[in-house]
1. Name all residues of region 360-380 having a backbone nitrogen under 19 Å from the label point set 7 Å from the Cα of ASP442 along its Cα→Cβ direction, giving them as ranges.
2. If you add up the charges near VAL289, with Lys and Arg at +1 and Asp and Glu at -1, over every other residue whose beta carbon is less than 13 angstrom from its beta carbon, what do you get?
3. Among TYR157, ASN242, PRO199, whose Cα sits farthest toward the positive end of the charge dipole of the chain (+1 at Cβ of Lys/Arg, -1 at Cβ of Asp/Glu, about the Cα centre)?
4. Of TYR87, ALA308, ALA370, which is farthest along the charge dipole of the chain in the positive direction, counting Lys and Arg as +1 and Asp and Glu as -1 at C-beta?
5. Taking amide H positions as placed in the peptide plane 1.01 Å from N, state which residues far from ILE58 in sequence (5 or more) or on other chains have amide H under 5 Å from it.
6. Please report, in debye to the nearest 20, how large the charge dipole of region 127-228 is about its Cα centre when each Lys and Arg carries +1 at its beta carbon and each Asp and Glu carries -1 there.
7. Taking 7 Å along the Cα-to-C-beta vector as the label spot, tell me the GLU344-ASN80 distance in nanometres, rounded to one decimal.
8. Compute the length gained on full extension between TRP250 and MET148: take 0.36 nm times their separation in residues and subtract their Cα-Cα distance, giving the result in nm to one decimal.
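The values are calculated or read from the model by the stated rules, or taken from the named source; none is laboratory data. Treat the numbers as computed from the prediction; the structure is a model and nothing was measured. In this analysis, Cβ positions are derived from the backbone assuming ideal geometry, glycine residues included, and neighbour counts consider all displayed protein chains. Surface accessibility is based on the protein's heavy atoms, side chains included, excluding ligands, DNA and RNA. Shrake-Rupley method; radii C 1.70, N 1.55, O 1.52, S 1.80 Å.
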Amino acid sequence: MNDTSLRSDPVAELRRNWRLQHRDGSGADLAGAPSPTVRQDADAILRQAGTNPPLLAIRAASGPFLVSVANQVLLDLHGNNCHHIGYSHPGLTAALSQQMREMPFVPRGLTNREVVEAAEKLQAAWPYGPAVVAFVPGGSAAVELAIMLCRAHTGRYKLVSFYGAYHGRSAGALSLGGRVRDRSPRLGPLLPGALHVRPFYPLPGEGAFDAEAAARRSLEDLACCFEQEGDVAALFAEPIRNGPFVPPAWYWPEARALCSRYGVLLVCDEIPTGLGKTGRLFATEHFDVRPDITLVGKALGGSIIPVAAVIAAAALNSTADLNLGYFTYERSPMMAKAATVVLEIIAAEGLVARAAELGRVALDRLRAAAAVRPALAEIRGAGLMLGARVCDPAGGNHDELARRIVRECLCRGLLLQSPMGARLMLSFPLRIDQDLVEEAIDVFAAAVDAAAAAADE
Ligand SMILES: Cc1ncc(COP(=O)(O)O)c(C=O)c1O
């Protein structure tokens, strides 16, 4: 490819720059002074743990890449799991621009062709029979609506979810969440009736874990909880935990059977893992299990429009006398157009099969890298979501080594989410070339070596 063609394709040019930068070690400069935007952010934006201070200021996003204000190109393996189709997908930006010009909004009480079309696409895609759909402006709102739907439909108020879970930040979603660090007495009481049991995945801070034993323990807890409480409305869970953590094949059929036995609705939160990320359109399709409700979000808006959806079995369409959502933007043609076009792109570009195929290539390469690197233990993968547990072979602090690896990645132009304890996640966009996936894993391996060598000093 000559220079002219590179210039006419912004993603190809970013890719060339990314390669040059990671090869000569000029990725993000974390040691330098923060950019003015990062400093201004502190005065303008409400401070919150976890996102302050921001690591970098970004000025552009295209394909799988972000570009910092200092022109460092980052391959984004974080993306908040929103970037399945990459950033600024030309098909989506064109469709949304046109939608914005023609009909950006429709007030409450009216409908439009776009929202019906988006709902019909999700109905057709959901493999579990007739369904109805509600659109909401984000994942937490989807969780809230599902909570209300389950309570109203069953006439029960108790909700079961997993310790260690994350389902969002609104009051109901936070109540279902099971991470101790998300709780604070300063936030006041959470929802009554929110109960927790042990999950099939490791709890925060848990080191090496036995997936079979954890899954058995979780089922025992579920059985005990459903039996003793007697009137649980719903179990809320991620079928594959963002991370990724995949339960043994027998877990979900047995959990489903327990739900059915006790009249508990099964709500599968696929907000980070749905829409093809794990190599199936819905993560539940990996298991012989039928949810009553599936929640999708994040990638549904193509990393442009905040939108999520509650897909509920038609039998739950029983709350016509109540206002569960009533969101100002619930029939937004912009949200709907984004969802429709994202689903079309995923289908037309074969991104689900691609996630499965490339995921296998990526997992093999990561496993090969880990085989000669004692710092990488417990390699996991589900489609294009990969994970590793970090183990400091020098006997130091594992969490600290994981943090150092993330920094070394950033210096080499790879953006990873902050580690969860000693666990790292590599979340690839689905629209990415195989050689870029392979190169990214090699860069990751080099970052692990650099971090481990620094830990040794
Ligand atoms: C499993 C899960 N559920 C719900 C949410 C909440 O989504 P949102 O941040 O769009 O409110 C998240 C967000 O990370 C999530 O990972």
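1. Once the point is set 7 Å along Cα→Cβ of ASP442, 360-373 turn out to lie under 19 Å by backbone N, inside region 360-380.
2. -3
3. Farthest along the dipole direction, towards plus: TYR157.
4. It is ALA308, whose Cα lies furthest towards the positive end.
5. The answer is VAL69.
6. Numbers: 11 positive and 8 negative charges, 79 e Å.
Value, rounded to 20: 380 debye.
7. So the label points at GLU344 and ASN80 sit 2.5 nm apart.
8. Values: separation 102, 0.36 × 102 = 36.72 nm, distance 2.96 nm.
Using 0.36 nm per residue and subtracting the Cα-Cα distance, I get 33.8 nm.
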